[in-house]
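Heads up: the structure comes next, in structure tokens.
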Amino acid sequence: MNILELRNVTKSFRKGDETITPLHNVDLDVRQGEFVSLMGPSGSGKSTLLNVVSGIDHVDSGVIRVNSQEITSLSRGQLADWRAANLGYIFQTHNLVPVLTAYENVELPTLLLKLSAGERRARVELALEAVGLSDRAGHYPRQLSGGQEQRVGIARAIVSHPTVVVADEPTGSLDAETSLQVQSLLKRLNQELNITLLMVTHDAHVATIATRQLYLDRGKLVEELRVERQ
Amino acid sequence: MFNYVLKTLIRHRTRSLLTVTGAAVAIFVYCIVGSVQEGLYRLTSGADADRRLIVFQENRFCPTTSRLPEDYAVKIGKIAGVKDVLPIQVWTNNCRASLDIVVFNGADPKKIQSMRPVKLASGSWSQFETQRDAAVIGRNIAMRRGLKVGDQFTIGDISVRIAGVFQSEVPSEENLIYTHLAFLQNSQRNESVGLVTQHEVLLQPSADADRVATEIDVQLRASSVATKTRRKGAFQASTLSDLVDLIGFAHWLGYACVGLVLSLVATTTIMSVQDRMQEYAVLQTIGVRPLGTLRLVLAESVLLCLVGGGIGSGFALIALQFGGFAIGAEGATIAFKPSLWLGLSSLGTSLCVGLVAGLPPAIQTARMSIVNSLRTA
Ligand SMILES: Nc1ncnc2c1ncn2[C@@H]1O[C@H](COP(=O)(O)OP(=O)(O)OP(=O)(O)O)[C@@H](O)[C@H]1O
Ligand SMILES: [Mg+2]
């Protein structure tokens, strides 16, 4: 079954007189448990695609369905509720709330769901364990390294057991070694927890950790590679 | 989520502290101004102000210049609608407006007890009745001057021994010193025996106050000294008319304080929110509703205002309770008292100011484009 469906999705921006159309009648199907990487030239519309899938930006035309629910027809408030329950978003940088500890940052999304205090704590602890930062729970973002910060961001994205996790250049601002750590973490989350991932990257090496590689250029999506997982 | 608001405010400690302090000072002043207004209102309203008349010498203002025969009391007592009459000799240390006014009222102790709304808090009434130079003093002046039972109190030519301290439901009463009528008459240089400053008239429940007042003035016109009779509230308001104008003006000061808090908290909140638009965009991406971030911003500004307002009004109420402040002129005083209403209204004002101050930036976060705010990293 397709967990994510894009049909004829078009999105354009006006810049003065000219109109840029980063997404032009884009179709996409992603199945449960797939790890999709998305590459393309700078300014091709990769972030725009993630944003419309996340419901933080709206499409001009076309339909996006997640788990059979048509999110393109939801209001702003409904989209927020939908994101709280169904979407995890991994940012490139600057993603943690600086006044909250790692634990509190990961806890944030769970506060938006109806959970018991015990369930909440269990989920936060599990998510921190999954990214290997249980011992840093009480640290503030400024006390963490860039790689650790990004891992807390990943824990926050998976803590509410979302249907889809999107990541916009999750390794974009990390050095080679920490980038490798984050890559293997994402790969593990996909393989062990069967999390559906949609990841934008500039780096062809990073793209190889995905089970499927897509390329976006001039408004069109091209399938590059598809590895069927056993 | 409240945790988040609290931590945000604590993180920017200096900014929050300065804002809270500013709000506290302004609400402190707001409270003091409010208590002055309340004092004035109490003075000119209520049963004590409405159902009692003051008979004063016509065209006279300061108590030292009004000289009525003491035996007018007999004539007034015969007029229909009058229940009782209390001849009072008034002496004050200062006829002009003053913050430390001392007002003596000399009258018959028995009648004071029956006609004035006073209740002894300490000391003994019988000692007051039997001792010629004894006095009972209001709680407020006792507090202000640091006086207690047994003390000797001397001001000008007058020296009294304090036999009791009383409290009253009429706050301005608590600024008075009661002595024997004869004692106060005798202690004055110019011959005052047989003369009093004013007569206080207690009305029958059914009597029409204004009709009785006119009747008193008409009846006494033929006698040696012409009189002017008014309701006590009106009398006090006209006695304090200069101050009433000033106090009326002071309420603008109260509005200015509210404006000050508003602009202070609004500035802080707007600055704080604009610094953190990206953070609110992240929160909304995680799934916080636009109305949710609106509430977070409002919680921030309301918290600043309430903490500041709470501290300011708390200090103001304490100062009013223990300071015994009063302002007076020509023998009438306005007492500044703390009241529940004052506390509640200043907290209510703080709450409203917090909401209004936070609303523009709160709406800004609710309506922002998440994508644009995330892009401006
Ligand atoms: N809010 C906006 N207003 C106007 N133009 C926009 C807006 N957002 C994106 N664009 C334009 O749309 C195009 C696609 O932008 P997008 O950020 O999706 O590219 P990208 O593929 O993520 O690029 P990069 O690899 O540099 O991150 C760009 O040309 C960009 O300038
Ligand atoms: Mg991008």
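The values are calculated or read from the model by the stated rules, or taken from the named source; none is laboratory data. What you are looking at is a predicted structure, and each value in this text was computed from that prediction instead of being measured. Because the Cβ atoms are built from the backbone with ideal geometry, glycine has one as well, and the counts that use them run over all protein chains shown. Note: areas computed on protein heavy atoms with side chains; ligands, DNA, RNA excluded. Shrake-Rupley method; radii C 1.70, N 1.55, O 1.52, S 1.80 Å.
Which of the trypsin sites (Lys or Arg not before Pro) found in the stretch B:79-153 are in a DSSP loop and have at most 14 neighbouring Cβ atoms, other than their own, within 10 Å?
On the way: sites: B:83, B:96, B:110, B:111, B:119, B:132, B:139, B:144, B:145, B:148; in loops: B:96, B:132, B:148.
Taking the stretch B:79-153 and a limit of 14 other Cβ atoms within 10 Å, the loop trypsin sites (Lys or Arg not before Pro) found are B:96, B:132, B:148.
What do you get for the angle between helix A:102-111 and the principal long axis of chain A? Use alpha-carbon atoms, 0 to 90 degrees, nearest ten.
60
Taking 30 Å² as the minimum loss, tell me which residues in the stretch A:93-107 lose that much accessible area going from the chain by itself to the full protein complex (1.4 Å probe).
A:94, A:97, A:98, A:99, A:100, A:104
Ignore the peptide's own chain and count Cβ atoms of other chains within 10 Å of each Cβ in B:286-298; give me the average, rounded.
Shielding by partners across B:286-298 averages 5.
Which listed residue (B:76, B:64, B:87) has the Cα farthest towards the positive end of the charge dipole for the stretch B:7-97, taking +1 on Lys and Arg C-beta and -1 on Asp and Glu C-beta about the Cα centre?
B:64
For the residue pair residue B:252 and residue A:161, what label-to-label distance in nm results when each label sits 7 Å from Cα along the Cα-to-beta-carbon direction?
Between residue B:252 and residue A:161, the label points sit 6.6 nm apart.
Distance cut-off 26 Å, Cα to Cα: go down the list B:75/B:228; A:114/A:187; A:11/A:114; B:7/B:337; A:15/A:46; B:78/B:111 and report the pairs above it.
Values: B:75/B:228 15 Å; A:114/A:187 29 Å; A:11/A:114 34 Å; B:7/B:337 37 Å; A:15/A:46 18 Å; B:78/B:111 17 Å.
Long pairs (Cα-Cα over 26 Å): A:114/A:187; A:11/A:114; B:7/B:337.
Go through the stretch B:311-343 and name the chymotrypsin sites (Phe, Trp or Tyr not before Pro) that are in a DSSP coil and have 11 or fewer other Cβ atoms within 10 Å of their Cβ.
Answer in residue order: no site qualifies.
If R₀ is 56 angstrom, what is the calculated FRET efficiency for the pair residue B:218 and residue B:10, using the beta carbon separation as r and rounding to 0.05?
Values: r = 72 Å, r/R0 = 1.29.
So, using R0 = 56 Å, E works out to roughly 0.20.
Hey, if we sort A:89, B:178 by accessible area with the 1.4 Å probe, largest down, what's the order?
Accessible-area ranking of A:89, B:178, largest first: A:89, B:178.
With a/c under 1.5 counting as rounded, go ahead and sort the protein assembly as shown into rounded, prolate or oblate using the C-alpha gyration tensor (a ≥ b ≥ c being the square roots of the eigenvalues; past the cut-off, prolate if a/b is larger than b/c, else oblate).
In terms of gyration-tensor shape, prolate.
For every helix of n ≥ 4 consecutive DSSP H residues, a contribution of -39,500 (n - 2.57) applies; sum these over chain B, divide by its total residues, and give [θ] at 222 nm rounded to the nearest 500 deg cm²/dmol. Walk me through the intermediate numbers first.
Details: 15 runs with 211 residues, N = 377.
Value at 222 nm, helices only, nearest 500: -18000 deg cm²/dmol.
Taking the Cα atoms only, what angle lies between the long axis of helix B:241-275 and the longest principal axis of chain B, rounded to 10 degrees?
It works out to around 10 degrees.
What value, in deg cm²/dmol to 500, does the helix sum -39500 (n - 2.57) over DSSP H runs of n ≥ 4 give at 222 nm once divided by the residues of chain A?
Counting only the DSSP helices, I get -10500 deg cm²/dmol.
Do any cysteines of chain B lack a neighbour Cys whose Cβ is under 4.7 Å away, and which are they?
Isolated Cys, chain B: B:31, B:257, B:305, B:352.
Per residue of A:77-84, count partner chain C-beta atoms within 10 Å of its C-beta, then hand back the mean as an integer. Let's see the in-between values first.
On the way: counts 5, 1, 5, 12, 3, 1, 7, 5.
For peptide A:77-84, the averaged partner shielding equals 5.
Order the peptides A:12-19, B:247-254 from the highest to the lowest mean number of other Cβ atoms within 10 Å of their residues.
B:247-254, A:12-19
So what is the relative contact order of chain B, in percent, for Cα pairs below 8 Å that sit 6 or more residues apart?
Working: 716 pairs, mean separation 111.9, N = 377.
Computed over chain B, the figure is 30 percent.
Specify the angular offset, from 0 to 90 degrees and rounded to the nearest 10, of the alpha carbon long axis of helix A:146-158 from the longest principal axis of the alpha carbons in chain A.
Result, in degrees: 80.
With each pseudo-label sitting 7 Å past Cα toward Cβ, what's the residue B:130-residue A:65 distance in nm, one decimal?
Spacing of the two 7 Å Cα→Cβ label points: 10.3 nm.
Rounded, prolate or oblate: which fits chain B when a ≥ b ≥ c are the square roots of the eigenvalues of the alpha-carbon gyration tensor, with rounded for a/c under 1.5 and prolate only if a/b beats b/c?
Details: a/c = 3.70, a/b = 2.71, b/c = 1.37.
Prolate.
Count, for each residue of B:363-373, the Cβ atoms from other chains sitting within 10 Å of its Cβ, then give me the mean as a whole number.
For this peptide, the per-residue mean of nearby foreign Cβ atoms is 2.
Report the label-to-label distance for residue B:351 and residue A:42 in nanometres (one decimal), using points 7 Å from each Cα along the Cα→Cβ vector.
Once both label points are built, they end up 5.4 nm from each other.
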